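**Q** Before I ask anything, here is the structure I am working with.
Nothing in this text is a laboratory measurement; each read-out follows from the coordinates by a stated rule. These figures come from a predicted structure and were not determined experimentally. Ideal geometry is used to build each Cβ from the backbone, glycine not excepted, and the neighbour counts take in all protein chains shown.
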Amino acid sequence: MKTSIATVTVPGNLREKLETIAAAGFDGVEIFEQDFVAYDGSPADVGNLVRDIGLEITLFQPFRDFEGLPDPMRRKAFDRAKRKFDLMTQMGADLVLICSNTHPQALGGIDRAADDLRELAEIAATRDLRIGYEALAWGRHVSDHRDAWEIVRRVNHPNAGLILDSFHTLSRNIDPNTIRSIPGDKIFFVQLGDAPKIDMDLLYWSRHFRNMPGEGDLDVTGFMRAVMATGYSGPISLEIFNDQFRGGTPRLVAVDGHRSLVNLMDQVRRAEPALKIPGPSLPAPVVCDGVAFIEFTTDTAGSERLGNLLRSMGFQHARQHIAKAVSVWEQGDIRIVINTDPTGFAHSAFVMHGTSVCDVGLQVTDAEATRERAEAMGAEPFSQPIGPGELPVPAVRGVGGSVMHFIDSSPDLSQIWTTEFNAVAPAGRASAGLKRIDHLAQTMNYDEMLSWSLFYTSIFDTKRSPMVDVVDPDGLVRSQAIQGPGGNFRLTLNGAESHRTFAGRHLADSYGSAVQHVAFATDDIFATSQSLRRFGFEPLKISDNYYDDLAARFDIDEDELAKMKAGSILFDMDENGAFYQVYSRTFGEGMFFEIIQRVAGYDGYGGPNAPFRVAAQKRDQRAKGIPKA
């Protein structure tokens, strides 16, 4: 099945758009009329450019305000259409999109519209062209694909067919299963677009907030299942209008678009295997069993500071690499790797970002299958030379140029910690009760959030939470949680729009380092807090006003509240359970650790506490306007 994308979806001039679209792996392109008109070249030049790059023109669009017009407007509409047919012939495009009329003088009537389209189809046939009719969600008389299909059915011409667009159907809450009764050979083209659910004017919603399938809230999978059930075998194409994409990076938009189509069709195959949809067979979305390790890159001085912080949290230096300056710190099921080796990827990441998380290892069922699915979804492969005694571990690039390794229970990978590392005699300090990594928080520019959300949800068996705003004293940060079944794998993606926010400052100071904080889970926050104090851990100091407010909002025992205040422990509660959290002071370029306890069915991340945590962290950092030492 051919993949396509409208030029309006990708930023840049026409040549830049086409080159980027081809590089992302698309087969074809919809030429948006505005992009053609703005191009300094003839229709033939555009056609040659498209074909020279390795694409084909799948659609020319849009042709507006055609059917149902009174004379003399009707005659003018036919004249306009003939002119478009001329340039399509020169360009080498054989299908044009005619969207339902929105003109205030357009006349209603299915037969009137069918008569006009039949006459136009006859003209198109003389030039070996086809016309496709689409119901705009805000069309004056036709806004439903069922009405558009009835018009096409009455046209009854081989050169006239239906064009379907998921946004126009789903934005009006039309049941996509009504598509299943349409003959597949009369569907000439399918356009796809998702969108967040927003209660606003349909036209404005469409022109500014569409996004890639899987990035929004519409049931694009259900729509595409219905389309494929008709026997449709034409192109699947993206038509996305989005302010964020218009100002984005062309390559990122195009790669995300192709990823979204591959993932969508994989979902359709799995949801309705009887359809026998052609295409590559991919490994299933991966169930991640948790974080196998977090790797920091730093220098010798940074390693000493980080090691002292880990000791104060109850970690033990447990293993040392057989040949490199790489140490492993352990507590419970948590592994923290500190890499100070002067060679390899980790060192280059340190040169770029300073002390930072350069690598995240994920525990999966099948590491090689995970890598295969990730690369099929457009992830960039990663490898580096393997030293003596080291094992090859499947990996891809992640957020901020970091690396994501995949670990499974195969004989080699399950023994990596004993194969590549020598045990270190324990120092004798007791554990602080930290059990596992609860979640990672990755910070990025806001305009990358949709991309990385799609990255994770297309590779792993995960769900997205609604996006929320985190209030910073100097702006807003958008946050979205991604979670696997059972909560073994959790991420929060935090999008910074301003370098003045705490998250934005981390991005600026670290030159784009991704992981800003790691959250460890304990089963008893108060026992852990006591251990931390004994070990010399310095928690982030929370304002006394916070605890006064807490006492007013929740019915908390006075002794417990006193313990929370003494340990700088924050608290939240919902209808399912309770949540406790304590933070380390910041280190490096705005990184920090979090220790949490989930009680009963609490499944969130302490969102109501975020503004108070951020304010405390900003007090803990150097003052505004003070340069780095």
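**Q** With n ≥ 4 as the cut-off for DSSP H runs, can you work out [θ] at 222 nm for the chain, using -39500 (n - 2.57) per run divided by the number of residues, rounded to the nearest 500? Spell out each step's value before the answer.
**A** Numbers: 21 runs with 220 residues, N = 629.
Calculated at 222 nm, the ellipticity per residue is -10500 deg cm²/dmol.
**Q** Compute the long axis of helix 610-620 from its Cα atoms, compare it with the longest principal axis of the Cα atoms of the chain, and write down the angle in degrees, 0 to 90, nearest 10.
**A** 50 degrees
**Q** Given contacts defined as C-alpha pairs under 8 Å and at least six residues apart, what's the relative contact order of the chain, whole-number percent? Intermediate values should be presented prior to the final figure.
**A** Details: 1305 pairs, mean separation 60.0, N = 629.
Result for the chain is 10 percent.
**Q** A further question follows. Between the range 575-607 and the range 402-455, what is the separation of their alpha carbon centroids in Å?
**A** Between the Cα centre of the range 575-607 and that of the range 402-455, the gap is 18 Å.
**Q** Each residue of the range 518-527 in turn: what ³J(HN,Hα) in whole Hz from Karplus with 6.51, -1.76, 1.60 and θ = phi - 60°, glycine and Pro shown as x?
**A** Those phi angles translate into 10, 10, 9, 9, 10, 8, 8, 5, 6, 5 Hz.
**Q** Work out from phi, with θ = phi - 60° and the Karplus expression 6.51 cos²θ - 1.76 cosθ + 1.60, the ³J(HN,Hα) of each residue of the range 242-248, listed in order in whole Hz, and give x for Gly and Pro.
**A** Per-residue couplings from phi come out as 7, 4, 5, 5, 4, x, x Hz.
**Q** State the extension gain, in nm to one decimal, for the chain segment bounded by Glu122 and Ile322, taking 0.36 nm per residue of separation less the distance between their alpha-carbons.
**A** Details: separation 200, 0.36 × 200 = 72.00 nm, distance 7.69 nm.
Contour length minus Cα-Cα distance gives 64.3 nm.
**Q** Still on this structure, please answer the following. Could you pull out every residue, at least 5 positions away or on a different chain, whose amide H is within less than 5 Å of the one on Gly398? Hs are placed 1.01 Å off N in the peptide plane, and Pro or chain starts have none.
**A** Amide H neighbours of Gly398, under 5 Å, 5+ apart: Val403, Met404.
**Q** If you don't mind, there's one more thing I want to ask. If you fit an axis through the alpha-carbon atoms of helix 14-23 and take the longest principal axis of the Cα set of the chain, what angle between them do you get, 0 to 90°, nearest 10?
**A** So the inclination is approximately 60 degrees.
**Q** Provide, in order from the shortest bin, the percent of all Cα-Cα pairs of the range 434-620 in each 10 Å bin, continuing until the bin that contains the maximum pair distance.
**A** Bins of 10 Å from zero give 9, 37, 37, 15, 1 percent of pairs.
**Q** Give the percent of DSSP beta bridges with both residues in the chain that are antiparallel, rounded to the nearest 5.
**A** Details: 61 of 110 bridges.
Roughly 55 percent of the DSSP beta bridges within the chain come out antiparallel.
**Q** Once you charge only the Cβ atoms, +1 for Lys and Arg and -1 for Asp and Glu, what is the size of the charge dipole of the chain about its Cα centre, to the nearest 20 debye? Can you show the working numbers first?
**A** Details: 64 positive and 84 negative charges, 102 e Å.
My answer is approximately 500 debye.
**Q** Can you pull the semi-axes for the chain, root of five times each eigenvalue of the Cα gyration tensor, sorted largest first, whole Å? Write down the numbers at each step before the final one.
**A** Numbers: eigenvalues 574, 139, 93 Å².
After diagonalising the Cα gyration tensor, the semi-axes are 54, 26, 22 Å.
**Q** Could you tell me what % of all Cα pairs in the range 3-275 have separations over 32 Å?
**A** Numbers: 6893 of 37128 pairs.
Here the tail beyond 32 Å accounts for 19 percent of pairs.
**Q** Just for the Cα atoms in the range 559-605, what are the lengths along the principal axes, largest first, rounded to whole Å?
**A** On the principal axes, the range 559-605 reaches 37, 26, 11 Å in Cα extent.
**Q** Moving on. For Lys82 and Glu372, what does the FRET efficiency come to when R0 = 35 Å and r is the distance between their Cβ atoms, rounded to the nearest 0.05? Show your work: numbers first, answer last.
**A** On the way: r = 50 Å, r/R0 = 1.44.
Between Lys82 and Glu372 the formula returns 0.10.
**Q** Continuing with the same structure: Among Asp201, Asp35, Asp438, Asp115, which comes first, then next, by fewest other beta-carbon atoms within 10 Å?
**A** Values: Asp201 10, Asp35 20, Asp438 23, Asp115 16.
Least to most surrounded, the residues fall as Asp201, Asp115, Asp35, Asp438.
**Q** Return the distance in nm (one decimal) between the two label points of a simple spin-label model at Lys463 and Leu202, each offset 7 Å from Cα along Cα→Cβ.
**A** Taking the two extended label points, one gets 3.0 nm.
**Q** Order 179-191, 358-370 from most to least packed using the mean count of other Cβ atoms within 10 Å.
**A** Numbers: 179-191: 19.5, 358-370: 21.8.
Ranking the peptides 179-191, 358-370 by packing returns 358-370, 179-191.
**Q** While we're on this one: Looking at the range 288-423 only, what percent of DSSP beta bridges run antiparallel? Nearest 5 please. Could you put the intermediate results ahead of the total?
**A** Values: 25 of 34 bridges.
Antiparallel bridges make up about 75 percent of those DSSP assigns within the range 288-423.
**Q** Provide the descending list of Cα extents for the range 1-81 along its principal axes, expressed in whole angstroms.
**A** 47, 30, 20
**Q** Specify which residue in the list Val10, Phe66, Tyr583 is farthest towards the positive end of the charge dipole of the chain, using unit charges on the beta carbon of Lys, Arg (+1) and Asp, Glu (-1), about the Cα centre.
**A** Val10
**Q** How large is ³J(HN,Hα), in whole Hz, for each residue of the range 405-420 in order, when computed from phi with the Karplus curve 6.51 cos²θ - 1.76 cosθ + 1.60 and θ = phi - 60°, using x for Gly and Pro?
**A** 9, 10, 10, 10, 9, 5, x, 6, 5, 5, 9, 4, 6, 9, 7, 9
**Q** If you don't mind, another one. Can you list residues whose amide H is under 5 Å from Leu95's amide H, if they're 5+ apart or on another chain and H is modeled 1.01 Å from N?
**A** Phe60, Arg130
**Q** Listed here are the pairs Lys17/Lys82; Lys563/Lys618; Lys435/Lys463; Lys186/Lys276; Lys197/Lys463; which of them are more than 18 Å apart at the Cα?
**A** Working: Lys17/Lys82 27 Å; Lys563/Lys618 24 Å; Lys435/Lys463 24 Å; Lys186/Lys276 20 Å; Lys197/Lys463 16 Å.
From the list (Lys17/Lys82; Lys563/Lys618; Lys435/Lys463; Lys186/Lys276; Lys197/Lys463), the Cα-Cα distance tops 18 Å for Lys17/Lys82; Lys563/Lys618; Lys435/Lys463; Lys186/Lys276.
**Q** Give me the angle, in degrees from 0 to 90, between the Cα long axis of helix 220-229 and the longest principal axis of the Cα atoms of the chain, rounded to the nearest 10.
**A** Compared with the principal axis, the helix lies near 40 degrees.
**Q** Could you tell me what fraction of 2.2 N^0.38 Å the Cα radius of gyration of the range 501-585 comes to, as a two-decimal ratio?
**A** On the way: Rg = 15.0 Å, N = 85, 2.2 N^0.38 = 11.9 Å.
Against the compact-globule rule of thumb, the ratio is 1.26.
**Q** Calculate the translational D of the range 288-423 in whole µm² s⁻¹ from Stokes-Einstein, where the hydrodynamic radius comes from the Kirkwood formula applied to all Cα pairs, the temperature is 10 °C and the viscosity 1.306 mPa s. Working shown, then result.
**A** Values: Rh = 15.3 Å.
After rounding, the answer is 104 µm²/s.
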